[in-house]
Amino acid sequence: MKMQKRTFLLSAAACAMMTATGAMAMGTPSGFAVVGFNKQGSLGEVIVNPYKIAPLTAVIKNGGYELLSAAVRVVPKEGGQEIKYDVSRAQLLTHAGIPVFGLYPDYSNKVEVSYSYRFDGKVVDGKHTYTIYCGGIRGMESGMPGEKNLMFDTEVKKVAPEFSDRLYFVNNLGATPGQDTRAVWNNPMGGALTWSYLPKIAIIDTKGDIRWYLDASTLWDPESIYSKGVMMGFKQNADGAISWGFGQKYVKYDIMGRKVFNRRLPTGYSDFSHSMDPMPNGHYLLRVASSDLRRIDQKRVRTVRDVIIEVDQSGRVVDEWRLFDILDPYRSNIIKALDQGAVCLNIDPSKAGHTLTAEELAAQEKSDNFGDIAGTGPGRNWAHVNSVDYDPDDDSIIISSRHQSAIIKIGRDKKVKWILGAPAGWRSPWKEALLTPVDKSGKPISCTETTCEGGFDWTWTQHTAWRIDSKSNKDVVYVSAFDNGDARGAEQPALPEMKYSRAVIYKIDQKKRTVEQVWEYGKERGHSWYSPVTSLTEYQADKDSVVAYSATAGSDFDLTTGAMKGLPNPYIDEFKWGEKEPSVEIQLHNTSGYQAWPFSVKKAFTDN
């Protein structure tokens, strides 16, 4: 009798719980328990942030039904941007439900879902409007005085109607937290292990709202040698997933946060940064460094940003490009002209406007001062390769070497095919590979060692030298680049405010060995659009457009020294092909940018 009464009381408590929280799924095969979830619609439970790294996503589980199709519409806020997409069968099967992307943070989102499923041999159609709350943006605080929030603020200045559906993937960088400063490589010496910044990774819409962000806290650990580093090289792959790298890792996740792989760099290599390029055969090109190189003087070092490796699907290294063997690591023209206050992302106001002398470089070579410092020779930052792109027409790679101010094509045979850069300082056999500048009629332009007539200019400390695949062939290659503009003309200007950056596109005739500048933007914006480091220029085939991210522009500068006095305010600009005025301009505030590019919802959820 006592047992019956206890059972009744438990059942009553369970009913009270159901009444208080709404309808719940119940039941367990292994004894009495209340196991349940709040029920919406006719399918299964709603799981927010299902893979723990993408808080503005959710999966509506299939509820045990065989889902056949689905479509999702995230209802915009008043005046906001709609996100809607069809979901492929592969995505329904992979997530065991309907993936929801593009939710607003700290907001009770309305999500309209239509679907069909098969049950008991019959196809059932349904639809429901779900209410899904997502919390506010969270992340890791740096403790630095310039930090104002965990992401950035956004100001939309201009969006043409044909670009109003754009989503921009933003790869920005936070300050270095204090716990991320205590490890160096010392056997061998050198390397770039100390180079590390907090990740601030998000997707924004054309209204300026954040619709996705990466909670990197489970992936990125500043106190672990193998889980720290700068998150860079983000690319959306052909299958819709995102690949990137940081420090000693290279990874791939889908936009919902599901891990495809998360791998350590192969043993012989260290210090990934900047570039992870997906190849058509499913391999990846990674910009890394040698983890153990014996120099000619018998010193063993870790090199800095001067090795490219190709890894296959299983992580095996199938080829490598040792740039200290292919190029001239002692060419010093640009190294000596760099503004030492802005070498890559190491922005040091105390060194603004300072340059290196030949005597300082010579003294450096006699020392054991190796590592992530501008200098010459293996073991120092002589090349600073910040992008790698594959040319399938001749099985070659195209690299951007910031500290040589050159865009260089190298074959599978490790021979230099051509060099797009100013002639100054190149000796044989490299000077024979230099391209000749021409005008639009193919006539050679009059040039000195560092300047040209007719508006043509080479790139200086550039980023993102990428082949425009849809406009290129085996004879003619179009290349986009962001010409940062430091050390322009292999010197520092008379006044810091004379510096400017450009987004630029070149047309290279590989048979004639000529280069024509076909488009540029930024010179007319002057110092306000100047990005001393980082940034991107990239062609977008879907809209026949060009995106430029001037990622460290818009800072308050001390114009007596050129030093930044605060965080940058980067610009995202998108242009119709050939146009000189942007169709889109969005400015981000109080943030250091690296790259930004259009993210495709269709590729992520519909096509694959």
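The values are calculated or read from the model by the stated rules, or taken from the named source; none is laboratory data. Keep in mind that this is a model prediction, so the values were computed, not measured. Positions of Cβ are backbone-derived with ideal geometry, glycine not excepted, and every protein chain shown enters the neighbour counts. Note: areas computed on protein heavy atoms with side chains; ligands, DNA, RNA excluded. Shrake-Rupley method; radii C 1.70, N 1.55, O 1.52, S 1.80 Å.
Observations on the structure shown:
- Surface calculation, 1.4 Å probe, protein heavy atoms: W577 sits at approximately 80 Å² accessible.
- Cross-link partners of K511 among lysines (Cα-Cα below 22 Å; sequence separation of 8 or more within a chain): K409, K414, K415, K417, K431, K440, K443, K471, K474
- Think of the chain as having a plus end and a minus end, set by charges on the Cβ of Lys, Arg, Asp and Glu; of T176, W212, S332, W212 sits farthest toward the positive end of this dipole.
- Sites R263 and S528, calculated FRET efficiency, Cβ-Cβ separation with R0 35 Å, nearest 0.05: 0.25
- Relative to the Cα centre, the charge distribution of the chain, modelled as +1 at Lys and Arg Cβ and -1 at Asp and Glu Cβ, gives a dipole magnitude of about 1680 debye.
- Where V518, V170 fall by accessible area, highest first, once all protein chains stay in place (1.4 Å): V518, V170
- Only DSSP H runs of four or more residues enter the estimate; each adds -39500 (n - 2.57), and after division by the residues of the chain the mean residue ellipticity at 222 nm equals -2000 deg cm²/dmol.
- Candidates per trypsin sites (Lys or Arg not before Pro) in the range 72-113, loop by DSSP, up to 14 other Cβ within 10 Å: K77
- Within straight-line cross-link reach of K602, lysines at Cα separation under 18 Å, skipping those fewer than 8 residues along the same chain: K84, K235, K543
- Averaging the sequence gap over all C-alpha pairs within less than 8 Å and six or more residues apart, then dividing by the number of residues, gives the range 45-134 a relative contact order of 30 percent.
- Estimated vicinal HN-Hα couplings, Hz - the range 439-454 in sequence order (Karplus 6.51, -1.76, 1.60; Gly, Pro = x): 8, 5, 8, x, 7, x, 9, 6, 9, 9, 5, 9, 9, 9, 7, x
- Relative contact order of the chain, taken over Cα pairs closer than 8 Å and 6 or more residues apart, is 11 percent.
- Chain lengthening between D239 and E141 when straightened (0.36 nm per residue, less Cα-Cα): 32.0 nm
- Amide H contacts under 5 Å for T436: T514, V515, restricted to partners 5 or more places along the chain or on a different chain, H placed in the peptide plane at 1.01 Å from N.
- Expressed as a whole percent, the accessible surface of the range 450-608 that belongs to carbon and sulfur atoms is 47, based on a 1.4 Å probe.
- Label-zone membership for the range 295-323, site D368, 7 angstrom Cα→C-beta point, backbone N under 19 Å: 295-304
- Length gained on full extension, D221 to D607, computed as 0.36 nm times the residue gap minus the Cα-Cα distance: 135.6 nm.
- FRET efficiency for K157 and E82, using Cβ-Cβ distance with R0 set to 25 Å, rounded to 0.05: 0.75
- Isotropic mean projected area of the C-alpha convex hull, the range 45-134 (nm²): 5.7
- Ranked packing of 389-400, 177-188, most packed first, by mean Cβ within 10 Å: 389-400, 177-188
- Here each label is just a point 7 Å from Cα along the line to Cβ, and for T131 and K443 those points are 7.2 nm apart.
- Ligands, DNA and RNA excluded, the heavy atoms of R513 present near 80 Å² of accessible surface to a 1.4 Å solvent probe.
- Cleavage-rule hits, GluC sites (Glu not before Pro), the range 94-199, DSSP coil, Cβ neighbours within 10 Å at most 10: none
- For G375, the residues 5 or more places off, or on other chains, whose built amide H falls under 5 Å of its own are N381, W382.
- Gyration tensor verdict on the range 153-606 (Cα atoms; rounded if a/c is under 1.5, prolate if a/b is larger than b/c, oblate otherwise): rounded
- Residue-normalised accessible area of the chain, given per residue in Å² at a 1.4 Å probe: 41
- Between W418 and K409, the built amide H atoms are under 5 Å apart, and every one of these is 5 or more places off in sequence or on another chain.
- Computing FRET efficiency as 1/(1 + (r/R0)^6) for T355 and N38, where r is the C-beta to C-beta distance and R0 is 56 Å, gives about 0.30.
- Here the spin labels are modelled as points 7 Å beyond Cα on the Cα-Cβ line, and at K52 and R316 they lie 3.2 nm apart.
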